[in-house]
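Input: a single structure, listed below in structure tokens.
Derivation of every value follows stated rules applied to the coordinates shown; laboratory data play no part. Note that the structure is a prediction, hence the values are computed from the model and not measured. In this analysis, Cβ positions are derived from the backbone assuming ideal geometry, glycine residues included, and neighbour counts consider all displayed protein chains.
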Amino acid sequence: MSRSLSSVATLLICATLLLNVGCKSSEPTVAGFIAYTSVDVGSKIKWRNWDDAAFADAQKSDKLVFLFLTQAWCAQCDEMETQALNTDKVAAQINQDYLPIKIDADRYPNLYDHYYFPGYPSCVVLTPDARLIGGGTYLPADSLTVLLTQISKYWKDNRPVVLAQADKLQSLLEQAINKRKPQPPTDIALMLAEAAIRKQYDSTFGGFGTQPKFPQPAANDFMFGAVGPTGGLLFKNIIVKTMDAQLALLDTVWGGFYRYAAFADWSGAGHEKLLDPNAQLLSNYLDAYQLTHNEKYRQAAELIIKYLDRFLRGSDGWGFCTSQQGAINVGGKFANSQEYFALSDEGRSKQGTPAVDKSVYTELNCQAIRAYFKAQRVLGRQDCGDYAAKSLDQLLINAKGPNDGLYRDPLRTAQSAFGLLPDQIAAFSALLDAYETNGSKEYLTRAQAIASFITKYLVDRDSGGVRYETSVAGNPGRMSVELKPFNPNADAVVAFMRLYHLTAKEEYRKTAADILKFLFSVSIKEDDLRLCKLASAYIWSSRAPLKFVVVGKPGDDYRSLLQTARRTYFPRLVVLHLDPGIDKLQSGKLKFPVADKPTLYLCVDTLRSDAIDDTATVVTKIKDFLRPK
């Protein structure tokens, strides 16, 4: 959704301080910061890259910077470019009075997270040394012309006032960040998450909030694992109604979920389709199917796979493209998306297919890879598991950088950000999934290598938490601020705890505990659904998961035993593979004997079940072991 800027004053006040950041104080400087490139052929605006040369020119000419943050799937972004920015008058004005920089937010999410305004596109005005003045979202040409003229004149006439405001915003941000001190985790996280869910839940239409309405996969994920005192789902009615309601956004012709609904009743779909929410929703519907055995959830999961396979699979036989626009562009104008998506497959194809952004990003691909491994485990879709494994293997080869860190764009590492936390955590988690699914020790070894990279280069041992990127030294403006994004930090707790339960190495548990203390220091509103992420991280840190320990040589019997055991839904499960010819038959203090055939053991903390080696009885024995004594 968009909002416009109504006055120069709006531009001179930053609307909201970021909640999910940490800070390292430094003076703004132009020299030596990381460059971010953007290619835009045919535009009337002389777009520049975010680099040394651009800001040197901005300071030399004393021009404000006009930063345009866009997304390939965003129809409003394209509309603003073609109908506002690329008009002769606006383009000439920007080229003359501003130094323009255009950035794809998917390619450089760290830059977007430093400077975004809610919604796409984000139009941001910066000082010549990249300190924030203000910004907003979509603006038509006439309004944009008026505002750009006023802002430029105000800058020339009141430069000291504008710089003072920019300094104040930077100072307020840094002060808010520096007040944080690690806090001990407590069960209050669970109570706060429950309260947030109940407060945000729409009891009339399902889902959360009013309108526009977006699926909330992380909240769904937490609800699937939230078990009440009697062992039942704490939010069973809420999660079932929500999963049913979200189906209004499922494209029953091509498959895949649309990005959002304009209205509270899930109508008025915004028809663009993004890889990451579809991957997360695939995981949700696989959980729903495994938990309830309701066929409509399996069908929803299959439709997501159908869509991803047809439209977003990589052209080189591995990986996933990033997104697909929500309408077709005909002669520079977008056709009516409601009419288009009401057509059959044949009808749509006759008119053309919405453009696909063929970029491949590490974080988003690893989310899809994880969901495909899950489809192998839950649905028995070996084809999904094979494609996930091939994609992960190729991604790791292409994205690998110094010290086992990963680039964001494995196809164009020369133009890619390196070492960003969301990419490392997503790959870390995908590697653990790959190991638990297929048992290959190489995946576990590589997961430990990425964990070491995160620990060495991103974990803040002084003030807690995990930084967004490896270095901010020498960067200007808000890029000199060390972001510590909330959701990837929560995901890091889970990943390190999973690795701890697989390796019994105390260093991983301690790292998770330290990150969690940082998360408990972050101020979050009581209705913020990120509290579900906090609660999930806390549960992983404070409650031992169920562990499957499978002893034996990989083969058909081995896989059959494990696949049968996985038919029961477990919200927190780790799977340890022990090969008698290679591994020490031990997990922590628990030891396991050699057997004549593949054997499964169930473990919770220091408790271990008897050996299970018969697929016919494995489900019954699991239930007996888990039944309260």
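Structure notes:
- Candidates per trypsin sites (Lys or Arg not before Pro) in the stretch 46-98, loop by DSSP, up to 12 other Cβ within 10 Å: K46
- Partner lysines for K153 [C-alpha distance under 26 Å; skip if fewer than 8 residues away on the same chain]: K44, K46, K60, K63, K89, K102, K168
- With a Förster radius of 51 Å applied to the C-beta separation of A53 and I397, the computed FRET efficiency comes to 0.95.
- The stretch 456-546: radius of gyration over Cα atoms, expressed as a fraction of 2.2 N^0.38 Å: 1.15
- For the stretch 459-475, 3J(HN,Hα) per residue [Karplus equation, 6.51 cos²θ - 1.76 cosθ + 1.60, θ = phi - 60°, Hz, x = Gly/Pro]: 5, 8, 6, 7, 10, x, x, 10, 6, 5, 9, 6, 8, 10, 4, x, 7
- Nearest 10 degrees, 0 to 90: helix 159-178 Cα axis against the chain principal axis: 20 degrees
- Ranked M479, M243, M191, criterion: other C-beta atoms within 10 Å, fewest first: M191, M479, M243
- Between Q586 and E346, the contour length at 0.36 nm per residue exceeds the Cα-Cα span by 80.7 nm.
- Under a 5 Å amide H cut-off, with hydrogens placed 1.01 Å from N, L99 pairs with L64, V65, F66 among residues at least 5 apart or on other chains.
- Degrees separating the helix 52-61 axis from the principal Cα axis of the chain, which is the longest one: 20 degrees
- Within the stretch 546-626, percent of DSSP bridges classed antiparallel, to nearest 5: 65 percent
- Overall, the anisotropy analysis places the chain in the prolate class: the square-rooted eigenvalues a ≥ b ≥ c of its C-alpha gyration tensor yield a/c not less than 1.5, with a/b exceeding b/c.
- Entries in K390/K533; K241/K306; K181/K510; K456/K505; K199/K533 that, when Cα-Cα distance is taken, lie over 20 Å: K390/K533; K241/K306
- Between 0 and 90°, nearest 10: helix 362-379 axis offset from the chain longest Cα axis: 30 degrees
- Rounded, prolate or oblate (a/c below 1.5 giving rounded, otherwise prolate when a/b exceeds b/c) for the stretch 277-424 by Cα gyration tensor: oblate
- Karplus-derived 3J(HN,Hα) values for the stretch 572-581, using 6.51 cos²θ - 1.76 cosθ + 1.60 with θ = phi - 60°, are 9, 9, 10, 10, 10, 9, 10, 9, x, x Hz; glycine and proline are entered as x.
- In order along the stretch 412-418, the Karplus-derived 3J(HN,Hα) couplings, from 6.51 cos²θ - 1.76 cosθ + 1.60 at θ = phi - 60°, round to 9, 5, 5, 10, 10, 6, 10 Hz, and Gly and Pro are given as x.
- Prolate/oblate/rounded label for the stretch 345-498 (Cα gyration tensor, a/c 1.5): oblate
- Within a straight-line Cα-Cα reach of under 14 Å, K525 can be paired with the following aspartates and glutamates, leaving aside sequence neighbours fewer than 8 residues apart in one chain: E194.
- Close amide-amide hydrogen proximity is noted between A269 and A262, each under 5 Å apart and 5 or more residues distant or on a separate chain (H modeled in the peptide plane; Pro and chain starts excluded).
- The charge dipole of the chain, taken about its Cα centre with unit charges on the Cβ atoms of Lys, Arg (+1), Asp and Glu (-1) only, comes to about 1140 debye.
- Amide H contacts of G401 (H built 1.01 Å from N, under 5 Å, at least 5 apart or other chain): L406, Y407
- Looking at the chain alone, DSSP beta bridges between its own residues are antiparallel in about 75 percent of cases.
- Options P580, S61, P354, ranked by Cα towards positive dipole end of the chain, top entry (Cβ charges): P580
- The modelled label-to-label distance for the pair I188/A504, using points 7 Å beyond Cα in the direction of Cβ, is 3.6 nm.
- In the stretch 508-593, chymotrypsin sites (Phe, Trp or Tyr not before Pro) in a DSSP loop with at most 10 other beta-carbon atoms within 10 Å: none
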